[in-house]
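The values are calculated or read from the model by the stated rules, or taken from the named source; none is laboratory data. Keep in mind that what you see is a predicted model, and the values were worked out from it rather than measured. Quick reminder, even Gly has a Cβ in these numbers, built from the backbone with ideal geometry, and neighbours come from all protein chains shown.
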Amino acid sequence: MRRDYLVHGALLAALLVAHFLLPAYHHGVMARVMVLACFAIGYNVLFGYTGLLSLGHALFFAAGMYGAGMPMHLWGTGPGAAFAMGVLAATLVALVVGALALRTAGVAFMIVTLMFAQAGYLALLLASRWTGGDQGIVIAQAQRQLWSIDLSAEGPRYLAALVLFGVCLIASLALMRSRRGRVLIAIRENEERARLLGYDTFAMKLMAVTLSGTFAGVAGAGYGILFGYVGASFATVQYSIYPLLWVLLGGAGTILGPFLGTLFMYYLVDTASDLTSAYLLVVGVVLILLTLFAPGGIGGELRRRLWRAMP
Amino acid sequence: MEFGPHLMLAVLEGALQAAVLALMASGLSLVFGVMRVVNVAHGEFYMLGAVGAWGVTSFLGISPILGFAAALVVAPVLVGLLAAAVDVTVLKRLSYDPERTIVATIGLLYVLQQATLMTYGADARPVAEPFSARIALPWVEWKDGLQLFWPWGLYTTGYRLFVIAAAVAVLVGLGLVMKHTRLGLMMRATQADGEIAAAFGIPVERVYAMVFGLGAGLAALAGVLIVPITQAHYLMGGDALLMSFIVVIIGGLGSLGGTLVAAVLIGLSEGVISVFFSPTLAKILATLLVAFVLIFRPQGLFGKAAR
Amino acid sequence: MTAILSTRGLGRSFAGLRAVNAVDFDLSPGEIRALIGPNGAGKTTFVSMLIGRIAPSEGRIFFDGAEVTALPAHRRVRLGMAYTFQITSVFGRLSLRENVALAARRRLRRGVDAAVEEALARVGLAERAGEVAGDLSYGHQRLLEIAMGLAQAPRLLILDEPTQGLADSEIAAFKALIREISATTAILLIEHNMSVVMELADRVTVLNFGEVLAEGTPAEVQASPAVQAAYLGTEAAG
């Protein structure tokens, strides 16, 4: 029990040390990776632990992002309140989408979530008067001040990202160690059995979708505020595929997996985009190789070889 | 132009959409019906067909009609072979697990799309229409008795009519193959129950490779047919995939007949709707329609009630 | 004595075929009841309606004096019903301990570990608590299912062919276990093994073509000409 928290605490401590050591470029990359890893953590709650494969998580990420960015842009809301509004928006969207999509299962669930997300993306384009459409919204530096800390400056931005990531990481660890978390795993393994042990599996799955959306909303709102841009490109199918890819690569159903997957994939795409404009080729190749040869991802391999009880 | 002729143009445009959509969607539906595989890379096969048509015609550099005829054969066959190879090297190794094959075909989508970007580039390139006859269309109106006249701008091209006719011919042919040939029988048997089909000596693995190749070939054929009208571009697969998803789901997953009815309805209504409404709004409504059909009527709008 | 479980006019059709028809059924607290009948008699359909896996086409179900016909399965389980599957349905990739803990945790806030150890000990799997359930033999998976049933501390335990695939020695242990449990729990047992039925059951209900053909003590049922005819008619081997 203690050991789990120690290992994850050590990762957070290492990331704090890295704040003082990393060269500027990698410092900036790591801040992005940490925020995006929150998105992956949320995806993992649903896919890795509950066994539900969504192709529409970009909708929740974008709900967090626009839920925070639009009040800042339109009404001059401060970043703290805007962040809360973004997270709330994502949670509500996830609750509604979950309540509808969970009436289906398997392939139909994947397509329904994909369609809702696509409708959301198109709606952002349609409402361009408020959302900025294709152009998106740039949030002015002057607005990104919290308690007179400049969140657009590199140091505070890194630390804010670390706080978000730390909260999400520990929250997901606590969730999966809790009674409810155990039931989610049971649903992944055998839903009918879980139901006949007296668990309301629909309600539990709805909780998983909603929480997963909350994590995605934290990431979306955080990303918009810290990096100052809110754009429709974050609502495209690609941003539904990314968390799936990160989690598959890092290891579905492991607490550390989402972070590892996000980190590796970010650098892989970053390197590839220096070489060619067709850098998304990497995404395709990694997806195919993972499904063929390593369905457990990095975390799965670690668990198999080194640490069987890895959470 | 007045409202009536305008509508007639929209219907013609819709019929063209419906024909291409029906070809593409029947490929997707066939693959899902027989193999239970949702092929997310289907739109890329369509794109490859279009790009392949550009490749063949510009490589041969002969008269438009001969070059296009060659493309009509070569591009779908090559794409079909490519797809069959993907089936054998990737999908078969995943034991056709529904969720893992979706992830793998998402990967395939990126690979095909980005490989095209690297080789063919980001430009949209045209293919000349093989024949460019313009056919003016008459309109009737009541003015001191029934009168036939020829409004300016109301015309279609011979090529558009050819596309519609070709799609109908191919689909009729597909129906006949499914119904009356040994190959069709094997496909239907595999669709009903793969294990039993295997027990009866049907080479299920080869049927799967053929079906996946055939499905991709149909998409590629649709791509070849559309390219003289819309040009070939490496990102053209996305919208086409979405539209065929809509058609296949509304028609009832895996049912060819339902797919055709849905293609005609949606192709026609899209042509008509996009003349009068914002295309973005039309797409939002279409995607939501798919979601709600899956949630509340999973057998499709035209399918029979649940088993 | 008031029944803990009753059905009135319970029936279910599949595509026009009547799988279960107008069944009136009463089970007393503390009773061990066996449900027997030829293959396809509707036994599994009947118990599936009791637990809520299948909705009845008509009729009503009462548990502990309250109507439960419209309740979803998980609500019935919370009222004190438990069900073990005919085809073993344990959580194959989780440990035995976690399998049973999932069953116990729903009702217990604390003392889960103790309840888990006790349930596993009662079926004789205590030493293997840390193993992965999927690695167990088929017979042991059935015992694990029963341990999961026990950990729920139900007032009614429905067992669908629990002895299928068990060795003779395991069946003997199973009989002893069921007798012990029946002190606190009513038990409904679908069973093919007649020696188990004869030794364990207080009463036997025979289903044939979805209807109650006979009901009584094991001896009465065994002597019934109608029952013999039904079995001889459909399963020559008896």
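For this structure, a couple of remarks:
- Pairs where the first residue, in the stretch A:192-216, is at the interface with chain C (Cβ under 10 Å from one of its Cβ atoms) and the second is surrounded by fewer than 20 Cβ atoms within 10 Å (Cβ to Cβ) and in a helix (DSSP H, G or I), C-beta under 6 Å, 6+ apart: A:Gly198/C:Arg78; A:Thr201/A:Glu191
- For A:Gly224, the criteria (1) out of contact with any strand residue (DSSP E or B) (no Cβ under 6 Å at 6 or more places or on another chain); (2) under 22 Å from A:Leu244 (Cα atoms) hold in every case but one, which is (1).
- Restricting attention to the stretch B:95-107, the residues being part of a loop (DSSP other than H, G, I, E, B), within 16 Å of B:Val40 (Cβ to Cβ) and either facing chain A (nearest Cβ under 8 Å) or free of Cβ contacts under 8 Å to residues at least 60 places away in the same chain (or both) number 1.
- Per the listing C:Thr84, C:Thr2, C:Thr44, the residue uniquely β-branched (Val, Ile, Thr) and surrounded by fewer than 16 Cβ atoms within 10 Å (Cβ to Cβ) is C:Thr2.
- Here A:Tyr199 meets each of (1) of a type outside the set (Gly, Ala, Ser); (2) under 14 Å from the mean Cα position of the chain (by Cα); (3) not in a helix (DSSP H, G or I) with one exception, condition (2).
- Helices (runs of 4 or more DSSP H) contained in the stretch A:1-108 and holding at least 3 residues among the charged types (D, E, K, R): A:2-21
- B:Tyr110 in contact (Cβ under 8 Å) with a residue 12 or more places away in the chain, among the aromatic types (Phe, Trp, Tyr), within 14 Å of another protein chain (Cβ to nearest Cβ) and touching a helix residue (DSSP H, G or I) at 6+ places or on another chain (Cβ under 7 Å): no
- Beta carbons closer than 8 Å, at least 6 apart along the sequence or on distinct chains, pair a first residue in the stretch A:283-309 that is more than 12 Å from chain B (Cβ to nearest Cβ) and on the phi < 0 side of the Ramachandran plot with a second that is surrounded by 14 or more Cβ atoms within 10 Å (Cβ to Cβ) and modelled with pLDDT under 70 for A:Gly299/A:Met310; A:Leu302/A:Met310; A:Arg303/A:Met310.
- Tally, over the stretch B:226-248, of residues that are touching an Asp or Glu at 6+ places or on another chain (Cβ under 7 Å) and more than 23 Å from B:Val56 (Cβ to Cβ): 0
- Identity of the residue in the stretch B:221-259, within 12 Å of chain A (Cβ to nearest Cβ), at pLDDT below 85 and not in a helix (DSSP H, G or I), that ends up nearest to A:Val237 (Cα to Cα): B:Leu253
- In the set (1) part of a helix (DSSP H, G or I); (2) farther than 20 Å from B:Gly33 by Cα, B:Gly121 fails one condition alone, (1).
- So C:Gly130, is it free of Cβ contacts under 8 Å to residues at least 40 places away in the same chain and away from chain A (no Cβ under 13 Å): no
- Subset of the stretch C:106-124 [buried (at least 21 other Cβ atoms within 10 Å of the Cβ) and either facing chain A (nearest Cβ under 9 Å) or modelled with pLDDT under 85 (or both)]: C:Val123
- Lone qualifier among B:Val37, B:Val11 - being in a loop (DSSP other than H, G, I, E, B) and of a type in the set (A, V, I, L, M, F, W, C): B:Val37
- Residue match in the stretch A:61-83 (condition: within 14 Å of chain B (Cβ to nearest Cβ) and not small (Gly, Ala, Ser)): no
- Looking only at residues of the stretch B:115-126 that are touching a Phe, Trp or Tyr at 6+ places or on another chain (Cβ under 8 Å) and at the interface with another protein chain (Cβ under 8 Å from one of its Cβ atoms), we find that the one that is surrounded by the fewest Cβ atoms within 10 Å (Cβ to Cβ) is B:Ala122.
- Among the residues of the stretch B:34-63, those identified as away from chain A (no Cβ under 13 Å) and over 16 Å from the mean Cα position of the chain (by Cα) are B:Val34, B:Trp54, B:Gly55, B:Val56, B:Thr57, B:Ser58, B:Phe59, B:Leu60, B:Gly61, B:Ile62, B:Ser63.
- You will find that of C:Val68, C:Val23, C:Val47, the residue that is within 14 Å of chain A (Cβ to nearest Cβ) and in contact (Cβ under 8 Å) with a residue 60 or more places away in the chain is C:Val47 and no other.
- The residue that is surrounded by the fewest Cβ atoms within 10 Å (Cβ to Cβ), counting only those in the stretch C:87-105 that are under 17 Å from the mean Cα position of the chain (by Cα) and either hydrophobic (A, V, I, L, M, F, W, C) or at the interface with another protein chain (Cβ under 8 Å from one of its Cβ atoms) (or both), is C:Ile87.
- Out of B:Phe68, B:Phe45, sole residue that is surrounded by 24 or more Cβ atoms within 10 Å (Cβ to Cβ), of a type outside the set (A, V, I, L, M) and under 19 Å from B:Ala115 (Cβ atoms): B:Phe45
- Pairing each residue of the stretch A:220-247 that is closer than 18 Å to A:Leu164 by Cβ with any residue that is surrounded by fewer than 21 Cβ atoms within 10 Å (Cβ to Cβ) and among the basic types (Lys, Arg), provided the two are 6+ apart or on different chains, yields C-beta distances under 9 Å for A:Tyr223/A:Arg32; A:Leu226/A:Arg32; A:Phe227/A:Arg32.
- All positions within the stretch A:265-286 that are aliphatic (A, V, I, L, M) and modelled with pLDDT of 80 or more: A:Met265, A:Leu268, A:Val269, A:Leu280, A:Leu281, A:Val282, A:Val285, A:Val286
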